[in-house]
Amino acid sequence: MAEKAIADNAAERLTESTWGVGYRTVFRVRPHVDAIEVAERHVRGWLGEKLGGVGRLDDWDGATSRDFDDRYSILVTGIHDADESVGRRLYRLVDANLTGTFIISIYAARETGAKRGLLVVEGALDGVTDDAALDVVGTPRIVRDLLDELEPLDGSTLLTSRPQFVRSEDVRSVLDAITDKTRIGSVIVASSPGTEVDVAWSEIIEKLTRNSLGVAATFVIAADAVPVLNQHLPASHEAPAGRVRTFGPDVQLDDPLDGRAHRFLGPSTLARAIRGRTVIGKLPAVHARGPRLRLLERALPADARRTIELLDRAGRRQRIAEQVAIESAGEQRILPDSSAAGAPSESGPSEATTGTRTPVLAILKRVLARWLGRAEVTELEVEELDTFIAANIADARVAQDYISEVEAENDRLLTELTDLRAQLDELGFEIALSADEVRVFNRENQLLKARLRELHEFTPPIDAEAELWAPPADVEELIARITPGEDAHTALQYVEFTGDPAAVAEVRKRDHYGKYANDLWDYVRVLAEYAALREGGVFDGSVYMYLEQDDVDGFKCSPQRHAARESESVLQNNKWRSERELPVPASVDPTGRILMQAHFKPTHRDQFAPRMYYLDDVKSTGKIYIGYIGRHLSNTRTS
């Protein structure tokens, strides 16, 4: 009974908590490999390492739940589906440490015959959202061990615990992985910048991708193999030397626009996180978000989904049944011994006793007959009735628990649906606005081409500075270009970033396809060319005037993407105003901060809607200072 109470305590601690899932992977086990045996063996290894030796597990049978100490516990649930000839087991490991309570769940399905088994591994953190868990939950150690032993496949793509180093003769394996239509995870391709750094590059990429193990196949391309690989890829899908590119599922090499779906990690972003041959800071977690989200948000394969649903449901039933059994045991009354004082004599019960006992026996017989089909009042029948009642109470509680979960899920979905509808409305407005801009630009383009033909100019003009102003890989790369350092761009002569990089990182997490980075870089170019015109005495006006005056040459964006000042409601709110008091050099303001009102808006969506705030100080210092790039600051619609 004590062991059952301990097991129930472990289970109760889990069922009462809510956690955010930050990691999931799905492994296909090769035919004739027992997935449950593999899972139990690795669970024992994990527990043995944590508990200081496998000897601590000598009395654990591998099939029951247990608390080992105040920190480590395990919940085990097993079922067998005779109709499907499938055995299933869930191992849920709990590690409650100073950082938080981490939960590792291993779902195992064992197929009979030559069919392939299944392992699903999830990592979660108690008390946080899924989004927060993505940044905190690392790759479970068990995943690395399973990769080493099983060498599982994602579709036809091999998953490994370390990046695969690829030379020229092995390029075919990378191409096959990129174009594998059956994989559901990602492929990370890291092209070495030079032969002399092949080894160091491989070690750096291993550190970079440590949070992507199990959710992505990673390839390090040797320097001499980079041109060989790119010969087989269209320009839109190339992996240039020194770049790290993540290919999602369902790559379409014949569609140039598809290239935007498979993102680069900016070289400056990576360089700033490299220390020796390791990668520091949050970059490994940020880089892994894309591959992890693809598996967390993607619909699971049907057999994996069924395994998880059946084991979770059985786990709820098991925990409730154990609780009912414990409650029943605590409520049992010990019947008096027949030899005790006051017990009926051997000659038989008294009339009074008989008068009160007979109706009870009759009722008990009816109950037994109704529920068990037998009316014999024996100890065995009464115990069987007790078991029957306990089981049905457990079923009822499971049903009630399930109903509560469904209701909570429906509430969550309704909230999500409301938010999605609001976002859809905002996106509809954004698309309409963009369509208007495109329509105006197209008409201007047609008129200008007609004018050139009238002047007998048949060769369209070429942007001589297109390469100089090529967009960055991400917003962090953009920041590197306008921050003093070796990666500085010529734009730094006129435009300098003085804001908080943490706010920029938030934008990068949400900018999967680089739209914000591209738009924000256009605004930097607008400011740089405006400042150059001011410095040269060609133009004497504000950024707003520059954007509005067509007779002033220079790179421009739509005036609708710019706001010259904030509303009075914002400026009169002390909290909102203080958010816009942003960092500047002491040469601009001795306090190191100044109110910035002018800003660019790459999107009009009002929930996240990134903004770029700047101070035009060309007249005094010859520069424009960008004090903020990040989510939409507080106003009447976002607060």
Every residue in the range 489-509 that is over 32 Å from the mean Cα position of the chain (by Cα) and surrounded by fewer than 16 Cβ atoms within 10 Å (Cβ to Cβ), please.
THR490, GLN493
Wholly inside the range 65-159, strands (runs of 3 or more DSSP E) that include 1 or more residues that are touching a Lys or Arg at 6+ places or on another chain (Cβ under 6 Å) and crowded, with 21+ Cβ neighbours inside 10 Å are 72-81, 101-111, 117-126
Does at least one position in the range 456-463 carry a residue that is under 35 Å from the mean Cα position of the chain (by Cα), in a loop (DSSP other than H, G, I, E, B) and either more than 24 Å from ARG631 (Cβ to Cβ) or not assigned by TED's automatic domain parsing to the domain that holds VAL244 (or both)?
no
When you check ILE178 against the structure, is it in contact with a His (Cβ under 8 Å, 6 or more places away or on another chain), closer than 26 Å to ARG243 by Cα and of a type outside the set (Lys, Arg), yes or no?
yes
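Condition test on ALA488, is it under 20 Å from GLY266 (Cα atoms), in the same structural domain as ARG593 (by TED's automatic domain parsing) and part of a loop (DSSP other than H, G, I, E, B)? Don't jump to the end; show me each part of the working.
Numbers: under 20 Å from GLY266 (Cα atoms): yes; in the same structural domain as ARG593 (by TED's automatic domain parsing): yes; part of a loop (DSSP other than H, G, I, E, B): yes.
So ALA488 passes the test.
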What about ALA217, is it within 20 Å of the chain's Cα centre (by Cα) and either hydrophobic (A, V, I, L, M, F, W, C) or at pLDDT below 95 (or both)?
yes
Do we find that ILE104 is under 30 Å from ASP250 (Cβ atoms) and among the aliphatic types (A, V, I, L, M) in this structure?
yes
Lone qualifier among PRO249, PRO240 - being under 22 Å from GLY22 (Cα atoms) and in the same structural domain as ALA223 (by TED's automatic domain parsing)
PRO249
Kindly indicate which of VAL187, VAL228, VAL199, VAL286 is assigned to a strand (DSSP E or B) and either more than 25 Å from ALA480 (Cα to Cα) or of a type in the set (A, V, I, L, M, F, W, C) (or both).
VAL187
Name the residues in the range 242-259 that are at pLDDT below 95 and either of a type in the set (Val, Ile, Thr) or farther than 18 Å from GLU476 by Cβ (or both), would you?
GLY248, PRO249, ASP250, VAL251, GLN252, LEU253, ASP254, ASP255, PRO256, LEU257, ASP258, GLY259
Elements of type strands (runs of 3 or more DSSP E) in the range 552-639, at least 2 residues being touching a strand residue (DSSP E or B) at 6+ places or on another chain (Cβ under 9 Å) and aromatic (Phe, Trp, Tyr):
611-617, 623-630
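In the range 96-110, which residue that is closer than 28 Å to ASP303 by Cα and in contact with a helix residue (DSSP H, G or I) (Cβ under 8 Å, 6 or more places away or on another chain) is modelled with the lowest pLDDT?
So the residue we want is ARG110.
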Looking only at the range 557-604, and only at residues there that are farther than 21 Å from TYR530 by Cβ and of a type in the set (Gly, Ala, Ser), the one that is nearest to the chain's Cα centre (by Cα)
SER578
Can you give me the number of residues within the range 156-194 that are among the small types (Gly, Ala, Ser), in contact with a helix residue (DSSP H, G or I) (Cβ under 9 Å, 6 or more places away or on another chain) and farther than 14 Å from ALA223 by Cα?
4
The correct count of residues that are of a type in the set (Asp, Glu), surrounded by fewer than 19 Cβ atoms within 10 Å (Cβ to Cβ) and at pLDDT below 95 in the range 171-214 is 0
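Among the residues that make up the range 402-418, is at least one of them farther than 30 Å from LEU311 by Cα and modelled with pLDDT under 75?
Yes, that holds for at least one residue.
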Yes/no for GLY62 being at pLDDT 85 or above, buried (at least 17 other Cβ atoms within 10 Å of the Cβ) and not aromatic (Phe, Trp, Tyr):
no
Within the range 516-563, of all residues that are surrounded by fewer than 16 Cβ atoms within 10 Å (Cβ to Cβ) and among the hydroxyl-bearing types (Ser, Thr, Tyr), the one farthest from VAL440 (Cα to Cα) is SER542
Could you list, in sequence order, the residues of the range 295-308 that are closer than 16 Å to VAL21 by Cβ, at pLDDT below 85 and in a helix (DSSP H, G or I)?
GLU297
Could we say that ALA586 is in contact (Cβ under 8 Å) with a residue 24 or more places away in the chain, in the same structural domain as GLY514 (by TED's automatic domain parsing) and out of contact with any Cys (no Cβ under 9 Å at 6 or more places or on another chain) here?
no
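The values are calculated or read from the model by the stated rules, or taken from the named source; none is laboratory data. Bear in mind the structure is a predicted one, so any value in this text is a computation, not a measurement. With ideal geometry, Cβ positions are generated from the backbone for all residues, glycine too; neighbour counts draw on all protein chains shown.
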